[in-house]
Each structure stands twice: as C-alpha cells, then as structure tokens.
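All of the numbers you see were taken from the coordinates with simple rules; none came from a lab. The structure presented is a predicted model; accordingly, all values stated were derived computationally and were not measured. Cβ sites come from the backbone with ideal geometry, for glycine too, and all protein chains shown count toward neighbours.
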C-alpha cells in the first residue's frame, strides 16, 4: 500500500506553455508545406472534369455531324446539358462553351471558374472536331 501511495503522490514534470506553442507552430509549418506540394496534384485531378466534359461534348457533336452533315453551335441541338458550376451553386469547376462552329468544324472550351492555385490564371482546355483535348491556358 505504501508503494501505491508513493507512486500516486510522485510529482510529474509537465510541459511548459512555450514548449507546447513551439510544437504547434512546427505542426503548422509542416502542414502548410504539405498542402503547397499537393496543389499541382489537386489541379490535375480537377482537370479530369474538363477533359471528360469536352470528350462528352465531342461525342455528341460527332453524332450530330453524322446525322446533319454539320456541327452545331447550340448545346440543345446536340443534346448536351451544361453542368452547374460552383459559382452557380453546383459542384463543377469548369464552364463549357462552344466558341465556334461551321459545317466542317467546331471548337469548344472548358474554362475553370475557380483559380485553383491562387495565381490569377484560370485553367482552359480546348477540343475541336479532331477530338484532341488540349490545355491552352495552364493554371
């Protein structure tokens, strides 16, 4: 019983407030560095959304072209429903537009509505009747 009382009454040295603040600051610095390094990865993952939307639009344009021997400049003609972007209360990061169309060609873009890395430049992807998706402005 004396041994238990001796153990329970023994004083343990605790950490000082200054030491705790240093540990918290170090954790913050490490976390900040990790988030900065992940930004390009997050941007690439979000770019898949633009590529998928443009590929879907391309398939619809090809079907329309086979039927009418021309490309359309109107989403309704080809049956494409633009997705709601985050600035419209939706969940998507890219706004898609058909920027030009003629009987023999078309061009569409997907422009980011969000500046992913905060540098003032927004990501822009483009597709045309060849079906090749290209990143024309990189965020």
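Numbers at a glance
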read-out: Euclidean distance between Cα centres, the stretch 64-78 to the stretch 43-60, Å; value: 19
read-out: Per-pair calculated FRET efficiency, R0 = 22 Å: residue 105 and residue 52 via Cβ, rounded to 0.05; value: 0.50
read-out: Distance cut-off 26 Å, percentage of C-alpha pairs in the stretch 16-137 lying past it; value: 37
read-out: Full-extension gain in nm, residue 119 to residue 62, via 0.36 nm per residue minus C-alpha separation; value: 16.9 nm
read-out: Where labels lie 7 Å past Cα in the beta-carbon direction, separation of residue 88 and residue 76 in nm; value: 1.5
read-out: Pair residue 29, residue 138: separation of 7 Å Cα→Cβ label points (nm); value: 3.1
